[in-house]
Structure formats: C-alpha cells, structure tokens
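Visitor: Here it is, the structure in full.
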Amino acid sequence: MFDAIAPRYDLLNRVLSAGLDQKWRQRAVSEVRLGPSQRLLDLCTGTADLGIAAARRHPDVSVFGIDFSGAMLRLGLEKVRGARLEPRVRLVRGDATRIPLADGTCDAVTIGFGIRNVAEPALALAELARVLKPAARLAILEFGQPRIPGIRTLYSWYFRYLLPAVGKLVSHHQSAYSYLPASVGTFPPPAEFVKTIESHGFVNVRAVSLTFGIVYLYIADRSSR
Ligand SMILES: C[S@@+](CC[C@H](N)C(=O)[O-])C[C@H]1O[C@@H](n2cnc3c(N)ncnc32)[C@H](O)[C@@H]1O
C-alpha cells in the first residue's frame with residue numbers, strides 16, 4: 001500500500017493537514033533533545049520528512065532512517081540528496097520489528113505516524129528499547145481523536161468522509177485513505193498506549209495532545225537499567 005501511494009504521499013500530507021504535519025514533526029524533533037554528533041533513528045521514516053527536519057535543525061547529528069517500503073525510501077533519498085544531507089542522513093530498507101542496528105547504538109528515536117501501521121507494535125517497541133542507549137529519548141507521533149465535543153464531531157466528519165474522498169482522488173488508490181481513519185479507530189487510546197510503552201522498558205512516558213488531540217506525541221525515556 002505504501003509503495004502505491006508514495007508518489008502523492010507528501011502532497012496529500014500537506015493538503016490534508018493544511019500544513020500542520022510539518023509542525024507536528026518539528027515538535028517531535030524538539031522533544032528528542034539531540035546533542036552534538038549524536039545518532040537519531042527515524043523508524044518507519046517513509047519519505048524521510050522527520051529525519052530531514054532533524055538533520056536540518058541539528059547540523060551535527062546523523063540520522064538513520066528505516067522503512068520497509070522501497071518506493072517511499074526512493075522518494076526520501078531524492079529529498080535527502082536535494083537537501084545535500086547525504087551522507088549524514090542514511091536511509092535503509094528494513095523492518096521495524098527487526099531493526100538492523102546493534103544494541104545500545106542510538107541516542108534517540110522518532111516515529112512519525114508509523115507505529116499504527118506496524119503489524120506487531122510490541123515487537124517494534126522491544127527493538128527500540130534494545131537499540132537505544134540507557135536514558136535515551138523516544139518520540140512517537142500518532143493520530144488521535146479530539147475530545148472537545150464540537151471539534152470531535154467536525155473532525156470525525158472530515159476524517160471519515162472528506163479525507164478518504166480527497167485521498168482516493170489524488171492518490172488513485174482505492175483504499176489507502178479509508179484505511180487511515182479505520183486504523184486510527186482501532187489504535188489504543190493514549191492512556192493505554194502509554195502503558196504499552198512503559199511495559200517495554202521505558203520510563204517518564206507521557207502523551208501530549210497536539211492540535212486538539214488530532215495528534216498525540218508520546219514521549220518516553222529508555223530506562224537506565
Ligand atoms: C504513514 S507512513 C509515515 C511516514 C513518515 N514517518 C512520516 O512522518 O510521514 C508509515 C510508514 O511506515 C512504514 N512501515 C509500516 N510498517 C513497517 C514495518 N514493519 N517496518 C518498517 N516500516 C514500516 C510504511 O512503509 C510507511 O512508509
């Protein structure tokens with residue numbers, strides 16, 4: 001599915017979020033508190049927007065982006081080259097549940113709108129605890145559902161009807177943009193996902209609501225033991 005929608009993925013992100021998606025990624029980058037010469041893993045990197053944002057903000061940092069969609073990565077690589085961020089940003093094809101990195105080699109991890117799509121998120125979280133250094137930071141962006149009643153109704157109409165229709169028209173994919181609201185609907189609520197993260201070796205876990213809860217930013221520190 002991600003291979004098929006890759007050519008229009010960035011365009012649809014900008015249009016469907018009215019440009020907010022890049023602000024949400026910037027916020028995730030600022031929460032991982034990267035220091036000089038550190039290494040960030042951007043898991044489920046897709047077309048590398050998060051990795052590129054991190055590399056631009058921190059000229060010293062190296063970014064390792066992993067995704068299993070070759071088409072998304074190819075577009076990401078073009079952007080990385082266009083931004084002259086090679087070889088500081090490296091993109092590698094791989095599975096979130098079998099990260100091709102040694103234990104304790106990452107200073108921080110970001111995941112932008114990816115964990116919901118991983119078939120076995122618990123395995124991915126266990127892998128993240130393995131590759132992160134003790135006390136290193138994890139920041140996960142994922143869609144949520146607004147709690148304020150009027151906004152919730154309006155957003156739910158947009159997300160369930162308008163977004164899939166525009167997504168189908170622009171991406172020419174029958175189901176990808178209907179899958180989006182469906183998968184958000186089955187993703188655990190913030191309090192539950194916080195517990196899931198905690199149960200995989202993370203501490204100080206919290207869910208920060210962004211833009212009325214349309215998106216949640218999960219922030220956690222790898223336990224120091
Ligand atoms: C919605 S896109 C998010 C891309 C990017 N992080 C962003 O902020 O736009 C989700 C990405 O997760 C990737 N993905 C899903 N499951 C994966 C897995 N098990 N291993 C690696 N990548 C995965 C997909 O290929 C896709 O590129």
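Read the figures in this text as sums done on the coordinates, not as results from a lab. Quick caveat, the model's predicted, so the values are computed rather than measured. Here the Cβ is made from the backbone with ideal geometry for all residues, glycine too, and neighbour counts use every protein chain on show.
Visitor: I want the antiparallel fraction of DSSP beta bridges within the stretch 1-144, as a percent rounded to 5.
Guide: Bridges in the stretch 1-144 that DSSP calls antiparallel: roughly 5 percent.
Visitor: Using +1 on the beta carbon of Lys and Arg, -1 on that of Asp and Glu, and nothing else charged, what's the dipole of the stretch 131-198 about the Cα centre, debye to 20?
Guide: 100 debye
Visitor: Quick one: net charge of residue 113's neighbours, Cβ under 15 Å, K/R +1, D/E -1?
Guide: Value of the local net charge: -1.
Visitor: Within straight cross-link reach of residue 133, meaning Cα distance under 19 Å, which aspartates and glutamates are found once same-chain residues fewer than 8 apart are removed?
Guide: Excluding near neighbours in sequence, the set is 31, 42, 60, 103, 107, 198, 221.
Visitor: Return the single residue from 169, 73, 138 with maximal mean-square fluctuation; model: Gaussian network over the chain, springs between Cα atoms under 10 Å.
Guide: 169
Visitor: Related question: If you average the alpha carbon positions of the stretch 209-225 and of the stretch 39-101, how far apart do those two centres end up, in angstrom?
Guide: Going from one Cα centre to the other spans 21 Å.
Visitor: I need 216, 177 ordered by Cβ neighbour count within 10 Å, fewest first.
Guide: With the sparsest Cβ surroundings first, the list reads 177, 216.
Visitor: Would you mind calculating the relative contact order of the stretch 99-150 from Cα pairs under 8 angstrom and at least 6 residues apart, reporting the percent as a whole number?
Guide: Computed value for the stretch 99-150: 52 percent relative contact order.
Visitor: Dipole of the chain (Lys/Arg Cβ +1, Asp/Glu Cβ -1, origin at the Cα centre): which of 135, 15, 92 lies farthest to the positive side?
Guide: 15
Visitor: Between residue 14 and residue 225, take the C-beta separation as r, use R0 = 30 Å, and let me know the FRET efficiency to the nearest 0.05.
Guide: In this case the efficiency is close to 0.10.
Visitor: For 72, 1, what's the fewest-to-most ordering of other Cβ within 10 Å of each Cβ?
Guide: With the sparsest Cβ surroundings first, the list reads 1, 72.
Visitor: Among DSSP beta bridges lying fully in the stretch 100-225, give the percent that are antiparallel, nearest 5.
Guide: The antiparallel proportion sits near 70 percent.
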